[in-house]
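Working notes, structure below.
What follows is calculated from the coordinates using simple rules that are stated; it is not laboratory data. A quick note: this is a predicted structure, and the numbers were derived from the prediction, not measured. Cβ placement follows ideal geometry from the backbone for every residue including glycine, while neighbour counts extend to all protein chains displayed.
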Amino acid sequence: MKLEGLEVFIIGTPPPGWGGRYWIITRLTTECGLTGYGEVYAAAVGAQAMRAVIADVFERHMRGENPENIEMMFRRAYSSGFTQRPDPTVIGAFSGLEIACWDILGKARARPVWALLGGRINEKLRAYTYLYPLAHHDKTAFWTSPEMQAESALATVDQGFTAIKLDPAGPYTLRGGHQPGMRDIDITDRILGAVRAAIGNRADILLGTHGQFTPAGAIRLGAAVERHQPLWYEEPIPPDDIAGMAEVARAVRIPVATGERLCTKAEFGAVLRAGAASILQPALGRAGGIWEVKKIAAMAEVFSAQLAPHLYAGPVEWAANIHLAASIPNLLMIECIQTGGAFHLPLIGHSLQVEDGFVIPPDDPGLGISFDETLALEHAYSGSALHLEMQESPCDYTHGNSFEGGAPRD
C-alpha cells in the first residue's frame, strides 16, 4: 500500500464563520484506491500558498510511502531544510496529511482509528463549547453583555454541556501582551459573575484570553476573577513566553491551559518542564497530527497534566480529536462548536454528534466520517484573508474592548 494522490479542499464557512473563515481539508489516495481525509489548522500563510506547501510536503516526504510509516514521514518533515525544530507551516501541512494517513489505515483494517492507538479507554468524551449568541441576541452587543452571556450559558447547559468557554476581556492584537484596563477587568468579573449565577454548579466556566496580557496583567485579571472558580485560564499571555506563563501559573489559583498555537512535542515539552500549564490544548491539525499528539499526551501524564484537544476549525480535525481523546487516560474534555456545528455536521454527513454534552467515539472504520466533497466544492474559498487574523489597533483604554467570535467572509 503506497500513497499516490492528493487533493486539497479549501472551504469557505458561511457567516458568521464559527470555526474560522475557511477550513483546509486534505484527501490522500493510495495506489489501491483507499482514501483518507485530514485537516490543517489555521495556516499562517494565505490559503493558496498553503495549498502549495501541502503539495510540496506530500511530494517531498510522503508520495510513494506506505501510510503506515508515519514516524518516518514525520521525521522527514521535521528535518526538512536542515531544521529539526518546530515549523508551524510545514508541520501544519504535515499534520493534515498525517491525519489522512490514519483515516486510510483504519479503513484498510476495517477498524476505527482509536483502535489503532491502543484502544478505547474513554467510552464517552466530555465536551465543551464557546458561548455563542442566541437567535434573538444583538450579535454585536453580545460579547460584552453579562445578561446575554448568562442567557446563552443557561441555554447551553440546558443542552447537557458541563463546561462552557468565554473570552470577555478582549482584544487579541498583534502588539503582544498588554495590561488590562479596569474596564476590561470589570466587564470580565461581571460577565463571569452573571454566568455563574445563571448556571450555578451545573457546569464549569473556562476563561479564554488568546494570549492578550503581560504576565503582570494576567495576574491582575486572574486575581480579580478567582472567586468565580474558573476551571482554567487559557493562554493568559502570548504562547512564546513560557517563563512568563509559568509565573502566572504560580501566582494565580486557576489552572493555566495552553497549546492551540504550539507545535510538536518540543514546544509542549518545554511548557511541561517549566510548570507553565497543567492543561494542554493541542490542535491536531497544527501540532504534528495524531501520533505526535499521542506522544504529547504520554509526556503530560508524567507531569500530572491533562489534555483538552483544541478545536476552532472544521469537522475533520474534530474527528481526529475524538479518536485521540478516546485513547488517552489523561483526557479532561474536548472542544466542540455548539452541538457539532451547523455547517460542520452536513459536511460529514452528520456522522458525529454531541449528545447531552458528550461525544461517543464512532465504531466505523477510519475517522468514522462521511465527507461530502460536493458540498465542500460548492463552498470553495476564494478570498485573500487568513483563517483568523489579529487586529493591529492597540488596546482601547477609553471605550473598553471586546472579543467578537466568528470570522465573517471577506
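What to note about this one:
- Taking the centroid of alpha carbons for each part, the stretch 194-230 and the stretch 298-312 are 20 Å apart.
- Cα gyration tensor, the stretch 72-157 - rounded (a/c under 1.5), prolate or oblate: oblate
- Counting only alpha carbon atoms, the long axis of helix 47-61 and the longest principal axis of the chain meet at about 40°.
- Extension gain, Glu59 back to Asp138 (0.36 nm per residue minus Cα-Cα distance, nm): 23.6 nm
- 18 Å Cα-Cα threshold exceeded, pairs from Lys165/Lys294; Lys2/Lys265; Lys265/Lys294: Lys165/Lys294; Lys2/Lys265
- Nearest-ten-degree value, helix 88-109 long axis tilted from longest Cα axis of the chain: 60
- Global geometry of the chain, whether rounded, prolate or oblate, following the gyration tensor of its Cα atoms and the 1.5 cut on a/c: prolate
- Across the chain, the relative contact order, built from alpha-carbon pairs under 8 Å that are at least six residues apart, equals 25 percent.
- Local charge for Gly81 was computed over the other residues whose Cβ lies under 14 Å away, with Lys and Arg +1 and Asp and Glu -1, and equals +2.
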